[in-house]
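Data block below; observations after.
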Amino acid sequence: MEYTDLNEKITILSGAAKYDASCATSGSSGFSDSKGKKLGAAVPAGVCHSWTEDGRCVSLLKVLFSNSCKYDCAYCVNRRSADIKRASFTVKELADLTCEFYRRNYIEGLFLSSGIFSDPDIVMEKLIDTARTLRTESGFGGYIHLKIIPGTGENMIRQAGLWADRLSVNIELPTEKSLNCLAPDKSGKTILGAMNDFSGLSAEFEEERRKTKFLPQGKSRTDFFAPAGQSTQLIVGATKENDRQIVNLTSSLYKKFSLKRVYYSAFIHPGGFLKKNSREFNADPRLPEIISPPLVREHRLYQADWLLRFYHFNAEEILDEDEPFLDAHIDPKTAWALKNLDFFPVEINRADYETLLRIPGIGAKTARRILETRRSRKLNMENLRRMGAVLKRARYFVTAGGSFIERPDDPLRIRRLLSGTDGAGKQLPLFEF
Ligand code: SF4
């Protein structure tokens, strides 16, 4: 049964969109005080946050156009076989709703996806129509992020890119084998094909834009193609792939399709946070029996992703065959440093930018400040701290004017001190460090 009341639709379709992490946090259960009261909560869906190219945080209305779906992806609450309330917006309803929320200052943009209720081109057309209506009829200048429906044609992607700031197609799972198992209606070839179409179109528009350096008068924003680029989402922990496979895949996606972001979404069982061994929990034997999302793993993957994008690491440097999982207790940059102690210590008064980026506790901003400041004077550890370096981590890996804070001699000891574990991953009691 499809719901027709607008309020019901908003509740159903914003709730149905909350598992897409492409523009939001995931897995948080929110906080409450001792009486269970809350001011602000992370679980009820509807508005999420995203970051624009220039680093601004924008709040987005995050909804599905429809949660009816022909597909039966095992990990998804909206799958065909799920016994849930179904609803669909009309283009006008959604455009009006977005404008109304925008006027009331609740949101600055729209994140729109949909279940696959019909042929992919028809579903994509609805999303494009909504964006086009917003831009042309409502004069909406806010941020729009549209999902590309896998299987839709290149022409549809071209249309979508004319009205949306960002497009994304979810890769969902790290391998074709996993996709066949949990999302048998989807194909890796189709998903990668859509990414490829996007990057081809993006390059084509960029080339065109370069040729017409100065825009002739009368050219509008529709002459640009999705200026905020494309992103994707990958579910972590629903299948058996290790972090090395995920990091390698991420790296090749960035290289091949110039993605702006890969979002990792810790697997949440579609039955919710159920008790292990409950009937619902075991309903689908293809899904792992984990009762809470692997949030630490998700967090470490984001850190590894950061190393790929901003710290010029290669995927092979982050993980190898012998240790295919990221260390849960220390960040991947520190883990790399501990495996490569012969690279350290680094003298901060001489090292180049690339070398500075390799030091745990020194970020890209601090590395730039170091280069700038040392033009006029010699740096010491105190200067380093003031520039934003985290000396708790950096202290084992740097010298300033030849002097150490601590010599990087014993990786197990450093790991223990930095992670609060015994070096084999076991958490130490607080009094031991
Ligand atoms: S295609 Fe799969 S993931 Fe997308 S809404 Fe349908 S069942 Fe869910």
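The values are calculated or read from the model by the stated rules, or taken from the named source; none is laboratory data. These numbers come from a predicted model, not from an experiment. Using ideal geometry, Cβ is built from the backbone for each residue, glycine included, and neighbour counts are taken over all protein chains shown.
Brief remarks on what is shown
This table checks each residue for (1) of a type outside the set (Val, Ile, Thr); (2) assigned by TED's automatic domain parsing to the domain that holds Arg309; (3) in contact with a His (Cβ under 8 Å, 6 or more places away or on another chain); (4) not in a helix (DSSP H, G or I).
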position	(1), (2), (3), (4)
Asn349	yes, no, no, yes
Arg375	yes, no, no, yes
Leu379	yes, no, no, yes
Glu382	yes, no, no, no
Ile414	no, no, no, no
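- Just one of the listed residues (Tyr353, Tyr311, Tyr302) is at pLDDT 95 or above, closer than 27 Å to Cys76 by Cα and either in the same structural domain as Lys256 (by TED's automatic domain parsing) or out of contact with any His (no Cβ under 8 Å at 6 or more places or on another chain) (or both), namely Tyr302.
- Within segment 88-125, considering residues that are without any contact (Cβ under 8 Å) to a residue 24 or more places away in the chain and of a type in the set (Val, Ile, Thr), the one nearest to Asn7 (Cα to Cα): Thr90
- Leu391 falls short on exactly one of the conditions (1) in the same structural domain as Arg413 (by TED's automatic domain parsing); (2) out of contact with any helix residue (DSSP H, G or I) (no Cβ under 6 Å at 6 or more places or on another chain); (3) modelled with pLDDT under 95, and that condition is (2).
- Candidates Ser59, Ser114, Ser68, Ser81 - the one that is under 30 Å from Lys177 (Cα atoms), under 24 Å from the mean Cα position of the chain (by Cα) and small (Gly, Ala, Ser): Ser114
- Segment 50-91: number of residues that are surrounded by 14 or more Cβ atoms within 10 Å (Cβ to Cβ) and either outside the structural domain of Arg166 (by TED's automatic domain parsing) or modelled with pLDDT under 90 (or both): 5
- Residues in segment 96-130 that are small (Gly, Ala, Ser) and in contact with a Lys or Arg (Cβ under 9 Å, 6 or more places away or on another chain): Ser113, Ser114, Gly115, Ser118.
- Among the residues of segment 195-229, the ones that are touching a Leu at 6+ places or on another chain (Cβ under 8 Å) and either small (Gly, Ala, Ser) or at pLDDT 95 or above (or both) come to 4 in all.
- All positions within segment 317-371 that are surrounded by 14 or more Cβ atoms within 10 Å (Cβ to Cβ) and of a type in the set (Phe, Trp, Tyr): Trp336, Phe343, Phe344
- Test: residue in segment 295-310 that is among the polar types (S, T, N, Q) and over 17 Å from the mean Cα position of the chain (by Cα): no
- Summed over segment 68-82, residues that are touching a Ser or Thr at 6+ places or on another chain (Cβ under 8 Å) and more than 7 Å from the ligand (Cβ to nearest atom) total 2.
- Looking at Leu94, Leu134, Leu127, Leu146, just one residue is buried (at least 19 other Cβ atoms within 10 Å of the Cβ) and either part of a strand (DSSP E or B) or not assigned by TED's automatic domain parsing to the domain that holds Lys62 (or both), and that residue is Leu146.
- Flag if Gly109 is among the small types (Gly, Ala, Ser), more than 16 Å from the ligand (Cβ to nearest atom) and crowded, with 18+ Cβ neighbours inside 10 Å: yes
- In segment 171-189, the residues that are within 12 Å of the ligand (Cβ to nearest atom) and in a helix (DSSP H, G or I): Leu179, Leu182
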